[in-house]
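As structure tokens, the structure follows; a few thoughts come after it.
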Amino acid sequence: MNTADLRTVTTVARLGNFTAAAQELFLAQSTVSRQVCRVERELGTLLFVRLPDGVRLSAAGRSFVPVAAGILADLDHAQAALRA
């Protein structure tokens with residue numbers, strides 16, 4: 001799992017849709033799907049419940065996404081501090 005995977009997961013969670021996340025991230029929808037599946041495989045659990053009109057967070061996703069978002073925020077702050 002890498003920061004790109006974490007950004008993808010948090011974007012899908014925020015938008016509730018793989019296609020919308022792909023558009024926002026300038027990625028192919030298949031790339032978004034692969035990244036989410038890779039994270040889910042690594043964690044050994046599903047983060048999203050797939051629905052006909054999008055996705056919603058599973059119980060594991062509701063636990064994981066805030067942590068992932070915090071990691072990304074910390075990374076963004078660290079990069080900003082180095083630029084300053």
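The values are calculated or read from the model by the stated rules, or taken from the named source; none is laboratory data. The shown structure was predicted, so the numbers you read here are calculated from the model rather than taken from an experiment. Heads up, the Cβs are rebuilt from the backbone with ideal geometry, glycines too, and the neighbour counts pull from every protein chain shown. The area values use the complete protein model at the heavy-atom level, side chains included, leaving out ligands, DNA and RNA. Shrake-Rupley method; radii C 1.70, N 1.55, O 1.52, S 1.80 Å.
Phe26 meets the conditions (1) hydrophobic (A, V, I, L, M, F, W, C); (2) on the phi < 0 side of the Ramachandran plot; (3) out of contact with any Lys or Arg (no Cβ under 7 Å at 6 or more places or on another chain) in every case but one. The failed one is (2). Being farther than 16 Å from Arg14 by Cα, part of a helix (DSSP H, G or I) and touching a helix residue (DSSP H, G or I) at 6+ places or on another chain (Cβ under 6 Å) is a description that applies to Val39. Considered as a group, the residues in the stretch 55-84 that are open to solvent by less than 100 Å² (accessible area, probe 1.4 Å) and assigned to a strand (DSSP E or B) include one that is nearest to Asn17 (Cα to Cα), and that residue is Val55.
Quick check on the stretch 21-49: of everything there that is touching a strand residue (DSSP E or B) at 6+ places or on another chain (Cβ under 9 Å) and without any contact (Cβ under 8 Å) to a residue 24 or more places away in the chain, which residue is farthest from Ala73 (Cα to Cα)? First the steps, then the outcome.
Step one: of the stretch 21-49, the residues touching a strand residue (DSSP E or B) at 6+ places or on another chain (Cβ under 9 Å) are 36, 40, 47-49.
Within this subset, residues satisfying the condition of being without any contact (Cβ under 8 Å) to a residue 24 or more places away in the chain are 40, 49.
Numbers: Glu40: 21, Val49: 25 Å.
Once the filter is applied, the top-ranked residue is Val49.
The set of residues from the stretch 1-24 being aliphatic (A, V, I, L, M), open to solvent by 20 Å² or more (accessible area, probe 1.4 Å) and touching a helix residue (DSSP H, G or I) at 6+ places or on another chain (Cβ under 6 Å) comprises Met1, Ala13, Leu15. Scanning the stretch 32-54 for residues that are out of contact with any Ser or Thr (no Cβ under 7 Å at 6 or more places or on another chain), surrounded by 12 or more Cβ atoms within 10 Å (Cβ to Cβ) and at positive phi turns up at least one hit.
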